[in-house]
1. Which of 166, 183, 95 ends up with the largest GNM mean-square fluctuation for the chain, with Cα atoms connected below 10 Å?
2. Net charge near residue 31: determine it from the other residues with C-beta under 13 Å of the C-beta of residue 31, scoring Lys and Arg +1 and Asp and Glu -1.
3. Under 5 Å between amide H atoms, partner at least 5 residues away or on a different chain: which partners does residue 30 have, H built in plane at 1.01 Å?
4. Which trypsin sites (Lys or Arg not before Pro) in the range 1-91 sit in a loop by DSSP (not H, G, I, E or B) and have at most 15 other Cβ atoms within 10 Å of their own Cβ?
5. Starting from the eigenvalues of the Cα gyration tensor, five times each then square-rooted, give me the equivalent ellipsoid semi-axes of the range 86-216, largest first, whole Å.
6. Would you mind getting me the FRET efficiency between residue 41 and residue 126? Use the beta-carbon distance for r and R0 = 41 Å, nearest 0.05.
7. What relative contact order, as a whole-number percentage, does the range 72-186 give when Cα pairs under 8 Å and 6 or more residues apart are counted?
8. Can you tell me the FRET efficiency between residue 49 and residue 183 if r is taken as the Cβ-Cβ distance and R0 is 41 Å, rounded to the nearest 0.05?
Amino acid sequence: MSNLENKEQLFAQLLSDITKSARKNGGVTTEEEIRDAFSELELTDEQYDLIKDYLKKHNIGIDEAIDASEYLTAEESGYLENYLEELSFIEMVTDGEKEALIISAMAGDVSSQKKLIEVSLPMVVDIAKLYAEQGVLLEDLIGEGNIALTKAVGELSGIEDHKECDGFLAQMVMDAMENAIEDDAAEASRGMRAVKLVEEVAEKAKELAEELRRSCTVEELAEETGMEISKILEAIKACGNQIEDIDYKPEKSE
């Protein structure tokens, strides 16, 4: 691997690290933290500006928190308003009561675990705001976070100190939301690859059909272009057999 590739990988890793660190800190980092994180790469001021632009686009504030609500769509804002109204009916607890809840939940008390989940729901909302505008709807982020919260509360017996509880729950929620965003991005990437494949096959089929003055077969297209038959069939299926310049009749078993 070249030095350039190593540097690019290190840059990507550092960018991911500082983003995650900032989210753990309520969506805020500082100019100094950014400079320290990337110090070994000897970046220019223009490159640091690009990093800050990236962080801001991912709802990370520099020196002060960003109001994530400004990134929400009208639909998301409406959902959030209604959801927060529902949460307002939950009876909250004092710090001392929460500490007792955590200790009982760690010991396996089911009623304490249920109450701890309830009083932790607003925390899920706060974290979800940090991930707004990342490709996944706020409602879905909150849903993923709530599932992770429920699972995490059931695993509290695995932590040693009750003071670690809030950090443990928040980390589980953040991990779930990041996984949801990564899965969505991967799905979108697969969709884009499928679209490009269909476009490529359709274009080549059109060119061959014009030469033949008739629709071409899958085999003819493969022989003419060197494309794998499996790829051509993949494109045909991806668009519901709508490539008009290919004469293809699927088998009944397909």
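1. 95
2. Working: positive: 35, 52, 56; negative: 32, 33, 36, 45, 49, 63, 64.
Net local charge, residue 31 excluded: -4.
3. Excluding prolines and chain starts, which carry no amide H, the hits are 63.
4. Working: sites: 7, 20, 23, 24, 35, 52, 56, 57; in loops: none.
Loop-located and lightly packed - none at all.
5. On the way: eigenvalues 505, 38, 21 Å².
That gives 50, 14, 10 Å for the three semi-axes.
6. On the way: r = 32 Å, r/R0 = 0.78.
Taking R0 as 41 Å, the efficiency between residue 41 and residue 126 is 0.80.
7. Working: 105 pairs, mean separation 33.4, N = 115.
Relative contact order comes out at 29 percent.
8. With R0 = 41 Å, the Cβ-Cβ based efficiency is 0.85.
Taken together, the values in this text are just the output of simple stated rules run on the coordinates, not laboratory data. Keep in mind that what you see is a predicted model, and the values were worked out from it rather than measured. Here the Cβ is made from the backbone with ideal geometry for all residues, glycine too, and neighbour counts use every protein chain on show.
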